[in-house]
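Participant: Here it is, the structure in full.
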Amino acid sequence: MLETIDPLVIGQMALGALADLAFSVAFGAFCLGFGGARGRRAVCLALLVWLLAQALDLPAEAATMSGSSVVAALPAIPLVLLHSHFGLMWMIGAGAGVLSLALATNRSSIEPGIGRGPWRILLYLTMIVMAFTHAGTTHAADAGDFSTPELVHWIHLLATAGWAGVVVCAAFPLRRSLAISANDALSNMSRLSRVATLTFAVAIVTGLANAYRGLGGSLTPLTHSLWGALLIAKLVLVTAAVAIGATNRLVYMRHFAGGDRRARAAFMGWLTLEACLMIGVLIAAAVLGHSIPGGSV
């Protein structure tokens, strides 16, 4: 798909990357659960951006389906919504996104120490639905709803959003939560490390399964297709992020826990670099998602 250099496709890739980043920030801030009002604002703003990206993607998808310009495709939007699988997934996802935004304004839905009850659980479930509808509009859904490839990709999207989201949130919108008193900062660092490690492990396993499916069970497309080249670029970014994250957690976080206050500055510096790499991973994933899998070429 990239070979055509279609401006509409490039626009959809950009919207996809924006939506993925926004969902990751919302899900990451939710998983971290620290930052107080700042954390709630991060979730709410990210969900607003996600909904905006979805609203802009709808006419773009209608244009792609009809083979016309975005303006000419506007009258076809009701048809897309009511008579296509994409439309069904879009409506369910948008509804879940609006409900997530409403729930996120409630303090007890975001902060684990306050909301361990139904509100937080409901917000978690609506975000899971958002991820499922995303998976339902990708190549993984070609085998049908609730097929193994779609379910694997659904889990991959959630795990990647959790991994990238906690890193990006800790490095940027919730950065001050790691610059507070040593004991509280260490507690937040430990939570960041636990969530990142768990979601990273799931993302890697499901990512390998996705790569195997996309390559058609052969390594040949890895070096003989544009999709394969993009996958390699993504893997390079992932490898670099993993190496930085492991060093940060095994070296600098331990030094900080041992009383070396200078280690915090090093930790934050490397965390910022890791976050930038994870943003690159999300962009690469969005481009891959709008490209023809190497095993299908």
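Participant: Residues in the range 45-60: is at least one among the small types (Gly, Ala, Ser), part of a helix (DSSP H, G or I), in contact with a Pro (Cβ under 6 Å, 6 or more places away or on another chain) and under 30 Å from residue 180 (Cα atoms)?
Facilitator: no
Participant: Among the numbered criteria (1) in contact with a helix residue (DSSP H, G or I) (Cβ under 7 Å, 6 or more places away or on another chain); (2) among the charged types (D, E, K, R); (3) over 20 Å from residue 136 (Cα atoms), which single criterion is violated by residue 6?
Facilitator: Residue 6 satisfies all of (1) in contact with a helix residue (DSSP H, G or I) (Cβ under 7 Å, 6 or more places away or on another chain); (2) among the charged types (D, E, K, R); (3) over 20 Å from residue 136 (Cα atoms) except (1).
Participant: Pairs under 6 Å by beta carbon, first residue more than 19 Å from residue 201 (Cβ to Cβ) in the range 158-182, partner hydroxyl-bearing (Ser, Thr, Tyr) and open to solvent by 20 Å² or more (accessible area, probe 1.4 Å), six or more apart or different chains?
Facilitator: So the pair list comes out as 171/272.
Participant: Output the residue which, of all residues in the range 77-120 that are at pLDDT 95 or above and aromatic (Phe, Trp, Tyr), is farthest from residue 138 (Cα to Cα).
Facilitator: That would be 90.
Participant: Considering only the range 40-60, how many residues are open to solvent by less than 40 Å² (accessible area, probe 1.4 Å) and either of a type in the set (D, E, K, R) or in contact with a Ser or Thr (Cβ under 6 Å, 6 or more places away or on another chain) (or both)?
Facilitator: 2
Participant: Could you check how many residues of the range 188-218 are crowded, with 21+ Cβ neighbours inside 10 Å and part of a loop (DSSP other than H, G, I, E, B)?
Facilitator: Adding up the residues that qualify gives 0.
Participant: Go through the range 123-151 residue by residue and tally those that are out of contact with any Pro (no Cβ under 6 Å at 6 or more places or on another chain), aliphatic (A, V, I, L, M) and open to solvent by 70 Å² or more (accessible area, probe 1.4 Å).
Facilitator: 1
Participant: Okay, moving on. Which residue is surrounded by the most Cβ atoms within 10 Å (Cβ to Cβ), if the candidates are limited to the range 61-74 and must be of a type in the set (Ser, Thr, Tyr) and not in a helix (DSSP H, G or I)?
Facilitator: Step by step, filter the range 61-74, then rank; the result is 68.
Participant: Can you find a residue in the range 24-39 that is open to solvent by 50 Å² or more (accessible area, probe 1.4 Å) and free of Cβ contacts under 8 Å to residues at least 40 places away in the same chain?
Facilitator: Taking every residue of the range 24-39 in turn, none turns out to be open to solvent by 50 Å² or more (accessible area, probe 1.4 Å) and free of Cβ contacts under 8 Å to residues at least 40 places away in the same chain.
Participant: I need the helices (runs of 4 or more DSSP H) fully contained in the range 75-186, keeping only those with at least 3 residues that are touching a Ser or Thr at 6+ places or on another chain (Cβ under 9 Å), β-branched (Val, Ile, Thr) and closer than 18 Å to residue 19 by Cα.
Facilitator: Because the criterion is at least 3 residues that are touching a Ser or Thr at 6+ places or on another chain (Cβ under 9 Å), β-branched (Val, Ile, Thr) and closer than 18 Å to residue 19 by Cα, the helices (runs of 4 or more DSSP H) in the range 75-186 that meet it are 148-171.
Participant: Checking residue 221 against (1) crowded, with 16+ Cβ neighbours inside 10 Å; (2) not in a helix (DSSP H, G or I), which test does it fail?
Facilitator: Residue 221 satisfies all of (1) crowded, with 16+ Cβ neighbours inside 10 Å; (2) not in a helix (DSSP H, G or I) except (2).
The values are calculated or read from the model by the stated rules, or taken from the named source; none is laboratory data. Values in this document were obtained by computation on a predicted structure and should not be read as measured data. Every residue, glycine as well, gets a Cβ built from its backbone with ideal geometry; the counts of neighbours run over all protein chains shown. These accessible areas exclude ligands, DNA and RNA; they are computed on the full protein's heavy atoms, side chains included. Shrake-Rupley method; radii C 1.70, N 1.55, O 1.52, S 1.80 Å.
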